[in-house]
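Working notes for the structure below.
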Amino acid sequence: QVQLAESGGGLVQPGGSLRLSCVVSGMSFSFYKMTWYRQTPGKQRDFVADISSGGGTTNYADSVKGRCTISRDNAKNTVYLEMNSLKPDDTAVYYCHTRTRLYEYWGQGTQVTVSS
């Protein structure tokens, strides 16, 4: 079965940093684009960043551009989201996502809370 497992969330003060990880199993990880989304209770799930299968192309939401870096290590079947200069508005559950020609897959999410 395909599994996406996020980790690395936690409580951080404004201006702090975190590195989220998503470990993928059960699929040919290196073939597919990976995406990070985030969601606050009562609001839609929003795009954060994505990265092409080989890691050569990345895209970011305007809200995080310049503060976040998405990367991947295909040898470890892992995609990362490094976040710095964190703001309270970054508080959300962060989800890892991928889509094949037939299916899409989500992780369980990891909570990021930015608060003083």
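The values are calculated or read from the model by the stated rules, or taken from the named source; none is laboratory data. Treat the numbers as computed from the prediction; the structure is a model and nothing was measured. A quick note on method: Cβ atoms are made from the backbone with ideal geometry, for glycine too, and the neighbour counts reach across all protein chains shown. Accessible surface is based on the protein model in full, side chains and every heavy atom, while ligands, DNA and RNA are left aside. Shrake-Rupley method; radii C 1.70, N 1.55, O 1.52, S 1.80 Å.
Here are the numbers:
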{"quantity": "Total residues in region 28-54, condition among the β-branched types (Val, Ile, Thr) and touching a residue at least 60 places away in the same chain (Cβ under 8 Å)", "calculated": "1"}
{"quantity": "Cross-chain or 6+ apart pairs with Cβ under 9 Å, region 1-24 first and among the basic types (Lys, Arg) and open to solvent by 70 Å² or more (accessible area, probe 1.4 Å), then in a strand (DSSP E or B) and modelled with pLDDT of 95 or more", "calculated": "Arg19/Tyr80; Arg19/Leu81; Arg19/Glu82; Arg19/Met83"}
{"quantity": "Val48 vs. criteria assigned to a loop (DSSP other than H, G, I, E, B) and open to solvent by less than 30 Å² (accessible area, probe 1.4 Å)", "calculated": "no"}
{"quantity": "Enumeration of residues in region 86-111 that are in a loop (DSSP other than H, G, I, E, B) and surrounded by fewer than 16 Cβ atoms within 10 Å (Cβ to Cβ)", "calculated": "Lys87, Thr100, Arg101, Leu102, Tyr103, Gln108"}
{"quantity": "Residue count, region 68-85 (criterion: in a strand (DSSP E or B) and either more than 25 Å from Gly56 (Cβ to Cβ) or under 12 Å from the mean Cα position of the chain (by Cα) (or both))", "calculated": "11"}
{"quantity": "Test: residue in region 34-51 that is among the aromatic types (Phe, Trp, Tyr), within 12 Å of the chain's Cα centre (by Cα) and closer than 15 Å to Val112 by Cα", "calculated": "yes"}
{"quantity": "Condition met for Ser63 (assigned to a loop (DSSP other than H, G, I, E, B) and in contact with a helix residue (DSSP H, G or I) (Cβ under 7 Å, 6 or more places away or on another chain))", "calculated": "no"}
{"quantity": "Any hit, region 60-75, residues being closer than 20 Å to Met27 by Cα, open to solvent by 80 Å² or more (accessible area, probe 1.4 Å) and of a type in the set (Gly, Ala, Ser)", "calculated": "yes"}
